[in-house]
Amino acid sequence: MPLSKLNQEQHRAATAPLGYNLIIASAGTGKTSTIVGRIAHLLHSGIEPSEILLLTFTNKASGEMLARLEHFFPKTVVSKIISGTFHAVSYRWLKEIDPHLTLKQPSEMKTLFRSIYEKRHFERMNLEIQPFSATYLYEQYALYQNASLEGFDAWFLQKYQDHEPLIEVYMDIIEAFEREKIKYGFASFNDLLLRMKEYLESNRISFSEVLVDEYQDTNTLQSALIDALQPASLFCVGDYDQSIYAFNGANIENIASYATRYPEAKVHTLTINYRSSAPILSLANRVIERNERIYPKRLEVGKQGKMHPPRLLIYNDLFEQYQSIAQSIKQTHVPNNEIAVIFRNNASADGIEASLREYGISCKRKGGTSFFDAKEIKFLIDFLSLLVNPKDMMAFIHLFEYAGGVGSALAREIFESLVHFGEGDLMQGVLDPIVQHLPKFNPRKNIQLGLFDDDLEIGSAARFHTLELGKRLMVHPLLKHPKLTRDTVYHFEAFYTLVEQTGRLTTPWEILRRTIDSTLYKGVVELLATQRGRVKSGEIDEEKKRSAKERIERKAALLLDISKGYKELGRFVNAMVLGGNELSEGEGVNLLTVHASKGLEFLEVYVTDLVDGRFPNRKMMSSIEEERRLFYVAVTRAKEKLYLSLARFDKAKKIEYQPSQFLYEAGLIKGEFVAPKEGKKRSRAKHED
């Protein structure tokens, strides 16, 4: 039975008397086993399964717990337990009350909100301050719903006092938004909890016990919903050292104040870690103990076997760091799926993913778009692939789909026409086409040139005489293609110029640099940045567009940096394209943000970019205490081997980095951490490997 497999601490918590129980379950101490044991104990005690409510943060988590219970209890019994996320459980209840309730996704709610916002004429108010956009105001309102029980105006003005002249308009928009939702029967995810809480305030749904997993991640609204249930017994499991979702509204005060809000509460602590080795836990403890100790605890080692002390890896350059990590992973005997590279921000993933690809190492990236799936990178690789193999029609099609009015069908026609003009050689067809005459073709023998089958169907190149094209390009036979537009011709001109320029270059780095600097690629960058800067209303957010362009440029610079290690273009393209054939979503090295790594464990873990400004991220952080908790979560994912890495410089951006303060706190770097002043990044420490 589940209880027989628990250690003494877990068993004591799982069999605690009904009432208010808080279980502090540190990393790797078996919280899931304890919850399963608790439910088993309740069932053995005669409590009906329908009187048990299990609230989790993912449906997967509740599903796994119920699956474990089915090993010991009939499925008919386990299926009666009420379980799921806060939102899923509330939605089921509310649909029983109001079958016409319609749950809407955030994107749909933003559209409705914007339709109301855009009816307000801010320009008539003669304001000295720029109003928040509809999207930002909506996001603030959504955050408020999770984080506060006071009025929106009071909550909002605590954060943005300078927007007081606008608060009446903002409130009017929000009130109209709420009326529209009620009118059409719409509900957002936040509305599910708010309406369920409101219903429970006048209607009782009784449970013998309510169990809450990941209690440290609950927000103010979820805590209020739990109280509205008025549970006869409450069993909450969490770890304040793993509270890392403040940016999403999580309120660490819920777990911190548990014993005071419920005076008769009992606090149980699980201290034996079965995941990580003693040296890893020792490092984790040295750092996390700098946070205020809400409840006394210290992790103990329950793992036996060979111990590997954590290693600090220091490199001169950011890219050198990624290359070295990839090389180490290449040489290890640990299976790829038991290795994780963890980072504070998704941007750090590009370098390691590219380096792994170069070494032919499969990987999977949770969240975000793969570096090699990014359109800006695919475009560059497609152009290089075409230079290596001019018969690569798909690469050509991908390049020309960026031309205005060109779809895959027309792009294919252009490709086949150019191959024809080059007598089988695409590049000759581009640069030096056969232009003596355009013969009539037999459609049955020349399918690829269907639009040139009859002289009457050939367009006139004269229609492009105002485009100021070069003399050689103006007489290019492709311009007679009847479906070409001005935008298509401009795109072809840029392609023609780039092919001509790269033909004289030899190394991958030279060719790629010229491609990145080309009019062709700059046009693609402008197009992609504009698309990514567009908001739902169709307007372009210039700041969003600028940020998108910077991210595109960083990715291109990274690919350019990789190319320095190759002398032959074919070998470089092969490493970037063919080397990725083994990549799949289901297998390989795990590339994870700290948030995505939570709850997971691996034999070998690399925590990268441990420099001030990146980890901790001083721009994004809600507090240094939460950044420290993020570090704690990251390092406690490791079961046997832990590598902490940093680079002193980013040569591309010409930035000098100072090691993360967490490395000082862990004792891996001697001396005292000195916070950088006025944006300067300097290190006053002695480094140790």
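Where in the stretch 310-392 are the helices (runs of 4 or more DSSP H), entirely inside, with at least 2 residues that are under 18 Å from Lys564 (Cα atoms) and among the charged types (D, E, K, R)? Please lay out each step first, then the result.
Details: elements: 318-331, 349-358, 375-388.
In the stretch 310-392, 349-358 are the helices (runs of 4 or more DSSP H) which contain 2 or more residues that are under 18 Å from Lys564 (Cα atoms) and among the charged types (D, E, K, R).
Being under 23 Å from the mean Cα position of the chain (by Cα) and at pLDDT 90 or above is the filter here; which residues of the stretch 216-241 pass it?
Gln216, Asp217, Thr218, Asn219
What about Arg614, is it under 26 Å from Thr29 (Cβ atoms), open to solvent by less than 50 Å² (accessible area, probe 1.4 Å) and basic (Lys, Arg)? Give the steps one after another, and end with the answer.
Values: under 26 Å from Thr29 (Cβ atoms): no; open to solvent by less than 50 Å² (accessible area, probe 1.4 Å): yes; basic (Lys, Arg): yes.
Judged against the criteria, Arg614 is not a match.
Please determine whether any residue of the stretch 435-456 is of a type in the set (A, V, I, L, M, F, W, C), at pLDDT 85 or above and open to solvent by less than 40 Å² (accessible area, probe 1.4 Å). Steps first, please.
Our first condition is that a residue be of a type in the set (A, V, I, L, M, F, W, C); within the stretch 435-456, this holds for 435, 438, 441, 447, 449, 451-452, 456.
Among the residues that remain, those that are also at pLDDT 85 or above are: none.
No: zero hits.
Are any residues in the stretch 596-611 closer than 24 Å to Ile252 by Cα and either surrounded by fewer than 17 Cβ atoms within 10 Å (Cβ to Cβ) or in contact with a Pro (Cβ under 8 Å, 6 or more places away or on another chain) (or both), and if so, which ones?
Gly599, Leu600
Would you confirm whether or not the stretch 497-510 contains a residue that is surrounded by 15 or more Cβ atoms within 10 Å (Cβ to Cβ), free of Cβ contacts under 8 Å to residues at least 24 places away in the same chain, of a type in the set (Val, Ile, Thr) and assigned to a helix (DSSP H, G or I)?
yes
Take the residues in the stretch 57-83 that are more than 16 Å from Cys236 (Cα to Cα) and within 28 Å of the chain's Cα centre (by Cα); name whichever of them is least open to solvent (accessible area, probe 1.4 Å).
Gly63
Suppose we filter the stretch 224-252 for residues that are in contact with a helix residue (DSSP H, G or I) (Cβ under 7 Å, 6 or more places away or on another chain), surrounded by fewer than 21 Cβ atoms within 10 Å (Cβ to Cβ) and in a helix (DSSP H, G or I); how many remain?
Matching residues across the stretch 224-252 total 3.
Confirm whether Phe86 is closer than 30 Å to Leu54 by Cα and either buried (at least 19 other Cβ atoms within 10 Å of the Cβ) or touching a Phe, Trp or Tyr at 6+ places or on another chain (Cβ under 6 Å) (or both).
Working: closer than 30 Å to Leu54 by Cα: yes; either buried (at least 19 other Cβ atoms within 10 Å of the Cβ) or touching a Phe, Trp or Tyr at 6+ places or on another chain (Cβ under 6 Å) (or both): yes.
So Phe86 fits the description; yes.
Just to check your reading of the model, which residue among Arg293, Arg298 is loosely packed, with under 15 Cβ neighbours inside 10 Å, over 15 Å from Val635 (Cα atoms) and in contact (Cβ under 8 Å) with a residue 24 or more places away in the chain?
Just one listed residue meets the conditions, Arg298.
Count, please, the residues in the stretch 272-286 that happen to be buried (at least 22 other Cβ atoms within 10 Å of the Cβ) and either in a helix (DSSP H, G or I) or free of Cβ contacts under 8 Å to residues at least 40 places away in the same chain (or both).
4
What tally of residues in the stretch 393-423 results from selecting those that are without any contact (Cβ under 8 Å) to a residue 24 or more places away in the chain and outside any helix (DSSP H, G or I)?
4
I'd like to check which helices (runs of 4 or more DSSP H) are fully inside the stretch 151-221 and have at least 3 residues that are out of contact with any helix residue (DSSP H, G or I) (no Cβ under 7 Å at 6 or more places or on another chain) and either open to solvent by 10 Å² or more (accessible area, probe 1.4 Å) or under 28 Å from Ile39 (Cβ atoms) (or both).
Working: elements: 152-159, 167-184, 189-200.
Ranges flagged: 152-159, 167-184.
Within the stretch 59-88, how many residues turn out to be closer than 26 Å to Leu194 by Cβ, assigned to a helix (DSSP H, G or I) and modelled with pLDDT of 90 or more?
Total satisfying the criteria: 1.
Out of Leu127, Leu43, Leu54, which single residue is of a type in the set (A, V, I, L, M, F, W, C), closer than 20 Å to Pro231 by Cα and either over 34 Å from the mean Cα position of the chain (by Cα) or assigned to a loop (DSSP other than H, G, I, E, B) (or both)?
Working: Leu127 fails: closer than 20 Å to Pro231 by Cα; Leu54 fails: either over 34 Å from the mean Cα position of the chain (by Cα) or assigned to a loop (DSSP other than H, G, I, E, B) (or both).
Exactly one residue qualifies, and that residue is Leu43.
The values are calculated or read from the model by the stated rules, or taken from the named source; none is laboratory data. Because the structure is predicted, anything quoted here is derived from the model rather than measured. Note that we place each Cβ from the backbone using ideal geometry, even for glycine, and neighbour counts take in every protein chain shown. Side chains included, ligands, DNA and RNA excluded: accessible areas come from the protein's heavy atoms. Shrake-Rupley method; radii C 1.70, N 1.55, O 1.52, S 1.80 Å.
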